[in-house]
Amino acid sequence: MRGGVCAVVAGLVLGLVGPAAGAGQQPADVLLVHGYGDARAGQDCNGQVWRDALEHSGRARQAITTIGYYAGDRRAVGHGPGCDAVIGDGAASNARPIEDIARDLARYIDRHHGSRPVNVVGHSMGGLIARVALLGSARGWPGFPPRPAVDNVVALGAPYRGLGPAVLDAHHDPQWDQMKPGSAFLQRMHAEGELGQRWAAGTDWTLVGSEEDWTVPADSALDGEARADQKYRYRVDDASGRDRYEVHHYALRTHCSGEYHLRSWRPGGPVRETSRGPSPVRVAFQAAAITGDGLPK
């Protein structure tokens, strides 16, 4: 079966991701940050981009905010078409540096949430934006506010080590160039601070990648051998290469049920592998609900 997978599947195994927030505990709000696209056309955050995730989040809709940043991203009325919030000046083009959008995200969190913690789930370039928002704040980059209160960051297919060879020439603009392996932007991001360093402490970092993602290879999404609180790697389904669910780049934000061939690990813990692992959307929202002690349990 390929494409979106959102029917409820009985017997879904959640052992890899552990329990959600305890009874009576109010989970922090979740911000969903979309990835790269045509800035002029914009993205329908509440529609094509995050619709499946929103419907299967297990969260109250008012506790989730979809974030836009492109010139074409429209502010939604209620939770209708568009994005719940558009950060910055709402005029970002594909020439605008990723670190500037990250600064806008850090400012938004600081302004709208203050000391009240939030969780951030970023897909593709959205995972870069989330990381640099915290990095720039911690390092005191110009224009960044003090470090925003973020309990968890979940990066779905973020090109931490760059885009895959198959897509390097898919677009020709400064933003796309920043995501190419070896770019000055990626070099600076790693030189300024890996996730295992002190600046990243206090936030639980979950990296998710797939071996079937040709846009962002799994090794890039998992940041190579760099430390994170937990990593999830979706694998080809079985030795024959037949897939029940193909976890391509966009499936990381749309596949919300089913059982998957999944490997997971965290520092100092065993590598776990199962053919009955949870979907990417389930992993994302479980990881965004648990603070401080890492996953899986």
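The values are calculated or read from the model by the stated rules, or taken from the named source; none is laboratory data. Nothing here was measured: the structure is a model prediction, and the numbers come from that model. All Cβ positions, even for glycine, are placed from backbone atoms using ideal geometry, and neighbour counts span all protein chains on display.
Values for this structure:
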item	result
Residue check for Q43: within 20 Å of the chain's Cα centre (by Cα) and either part of a helix (DSSP H, G or I) or farther than 19 Å from M125 by Cβ (or both)	no
Every residue from the stretch 64-90 that is over 30 Å from R139 (Cβ atoms), touching a residue at least 24 places away in the same chain (Cβ under 8 Å) and among the small types (G, A, S)	G72, A76, G80, G82
Residue in the stretch 16-30 that is in a loop (DSSP other than H, G, I, E, B), modelled with pLDDT of 95 or more, within 16 Å of the chain's Cα centre (by Cα) and under 22 Å from Y108 (Cα atoms) present	no
Pairs with Cβ under 9 Å, 6+ apart, first in the stretch 91-106 and over 21 Å from G140 (Cβ atoms), second modelled with pLDDT under 95 and part of a loop (DSSP other than H, G, I, E, B)	R96/G88
Pairs with Cβ under 8 Å, 6+ apart, first in the stretch 270-290 and within 16 Å of G157 (Cβ to Cβ) and touching a residue at least 60 places away in the same chain (Cβ under 8 Å), second surrounded by fewer than 24 Cβ atoms within 10 Å (Cβ to Cβ) and among the aromatic types (F, W, Y)	S279/Y245
Residue in the stretch 61-78 that is modelled with pLDDT of 95 or more, part of a loop (DSSP other than H, G, I, E, B) and on the phi > 0 side of the Ramachandran plot present	no
When residues of the stretch 48-60 are limited to those that are in a loop (DSSP other than H, G, I, E, B) and not aromatic (F, W, Y), the one surrounded by the fewest Cβ atoms within 10 Å (Cβ to Cβ)	A60
Residue check for G294: modelled with pLDDT under 95, outside any strand (DSSP E or B), in contact with a Gly (Cβ under 9 Å, 6 or more places away or on another chain) and within 21 Å of L135 (Cα to Cα)	yes
Pick from the stretch 61-77, criterion surrounded by fewer than 22 Cβ atoms within 10 Å (Cβ to Cβ) and of a type outside the set (S, T, N, Q), ranking: nearest to C256 (Cα to Cα)	R61
Boolean, A41 is in contact with a helix residue (DSSP H, G or I) (Cβ under 7 Å, 6 or more places away or on another chain), small (G, A, S), touching a residue at least 24 places away in the same chain (Cβ under 8 Å) and surrounded by fewer than 22 Cβ atoms within 10 Å (Cβ to Cβ)	no
Failed item in (1) surrounded by fewer than 22 Cβ atoms within 10 Å (Cβ to Cβ); (2) modelled with pLDDT of 95 or more; (3) of a type in the set (V, I, T), with T274 passing the rest	(2)
When residues of the stretch 143-176 are limited to those that are touching a residue at least 40 places away in the same chain (Cβ under 8 Å) and surrounded by fewer than 16 Cβ atoms within 10 Å (Cβ to Cβ), the one farthest from R188 (Cα to Cα)	A166
Residue count, the stretch 34-61 (criterion: among the hydrophobic types (A, V, I, L, M, F, W, C) and closer than 18 Å to A251 by Cβ)	5
Residue within the stretch 181-191 that is in contact (Cβ under 8 Å) with a residue 40 or more places away in the chain and surrounded by 24 or more Cβ atoms within 10 Å (Cβ to Cβ) present	no
Residue selected from the stretch 107-126 under the condition in contact (Cβ under 8 Å) with a residue 40 or more places away in the chain and in a helix (DSSP H, G or I), by the criterion farthest from A158 (Cα to Cα)	H113
